[in-house]
Amino acid sequence: MNTLYDAIGVDYAQLRKPDPRIAEQIHAALDDAQSVLNIGAGAGSYEPIDRDVVAIEPSAEMIAQRPAGAARAVQGSAESLPFEDGSFDAALAILTIHHWSDQARGLAEMRRVARKRAVLLTFDPAFRDAWQLYYWPQLATLDDEQMPLLRFYEQHLGPVRIEEVAIPHDCSDGFLYAYWRRPSAYLDERIRKGSSSFWRIDGLDEGAARLEADLASGAWEERYGHLLAQENADMGYRLVIAEFD
């Protein structure tokens, strides 16, 4: 993960600006937690500013992307958190578990350091309704390889609550499926660089060429034009919330 994000991190903060509507849902899930450990924190997206936050991030480049005044950042990994048991009210992990080398150990560490709850924004690999898969079917294989099924969280955190995260059509955070109503964005190489998945698959240019042709011919709109009338869409993103006794 370090090597990948040392490359991605060069322009990451500009491409991945937190969306306030998603932030509101994440912060509500943190509930009354006043101290929060943000694991795989990257440039600091979705860190609440009204709580005591510590960030942990393996990539030095990503830490360097954190803005002035951001929470204190420690270089380290999810699998070996350098904190005592119960050091925080909550542990937070935003679109990061697919980068962990040992996901079960990382979840165990979240449970160890959090007194009250764990909150994760993740993706359900069973979701197959993203139109992007028509152009890059390799993304589904990648998700199967790197994203845990939702039942995995309950196996390692105990009972969990799952919330759908609706993605607004003008989402400001450039994660993989954020541009569901702005298909031409996927033709922009710079925008694609904001998603780690596009760094991991082959056939990227071929898929982009097919999309460009379909946008020009009207084929994309014929298949997916119904999306243009939607304000929000379910793109498979889920909030996983575990409450601890």
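The values are calculated or read from the model by the stated rules, or taken from the named source; none is laboratory data. This one's a predicted model, so the numbers in the text were calculated from it and none came from an experiment. Every residue, glycine among them, receives a Cβ derived from its backbone with ideal geometry; neighbour counts consider all protein chains shown.
Please name all residue pairs, on different chains or six or more residues apart, with Cβ atoms under 8 Å, provided the first residue is in region 24-36 and is of a type outside the set (Asp, Glu) and the second residue is exposed (fewer than 15 other Cβ atoms within 10 Å of the Cβ). Going by the 8 Å Cβ cut-off, the qualifying pairs are Gln34/Asp52; Ser35/Asp52; Val36/Asp52. Pairs linking a residue in region 47-69 that is farther than 12 Å from Gln34 by Cα and touching a residue at least 12 places away in the same chain (Cβ under 8 Å) to a residue that is in a helix (DSSP H, G or I) and small (Gly, Ala, Ser), with Cβ atoms under 8 Å and 6 or more positions apart or on different chains, are Glu61/Ala7; Gln65/Ala13; Arg66/Ala13; Pro67/Ala13. Of all residues in region 120-145 being among the acidic types (Asp, Glu) and not in a loop (DSSP other than H, G, I, E, B), which is nearest to Ile22 (Cα to Cα)? Within region 120-145, the match that is nearest to Ile22 (Cα to Cα) is Asp143. Do we find a residue being free of Cβ contacts under 8 Å to residues at least 24 places away in the same chain, hydrophobic (A, V, I, L, M, F, W, C) and in contact with a helix residue (DSSP H, G or I) (Cβ under 8 Å, 6 or more places away or on another chain) anywhere in region 100-113? No, region 100-113 has no match at all.
Ala242 falls short on exactly one of the conditions (1) of a type outside the set (Asp, Glu); (2) at pLDDT 95 or above; (3) crowded, with 20+ Cβ neighbours inside 10 Å; (4) farther than 30 Å from Lys116 by Cβ, and that condition is (4). Kindly check whether there is at least one residue in region 157-176 that is in a helix (DSSP H, G or I) and in contact with a Pro (Cβ under 6 Å, 6 or more places away or on another chain). Taking every residue of region 157-176 in turn, none turns out to be in a helix (DSSP H, G or I) and in contact with a Pro (Cβ under 6 Å, 6 or more places away or on another chain). A count restricted to region 205-239 and to residues that are surrounded by 19 or more Cβ atoms within 10 Å (Cβ to Cβ) and farther than 29 Å from Asp32 by Cα stands at 3.
Among the residues making up region 1-39, those that are at pLDDT 95 or above and touching a helix residue (DSSP H, G or I) at 6+ places or on another chain (Cβ under 7 Å) are Val36, Leu37, Ile39.
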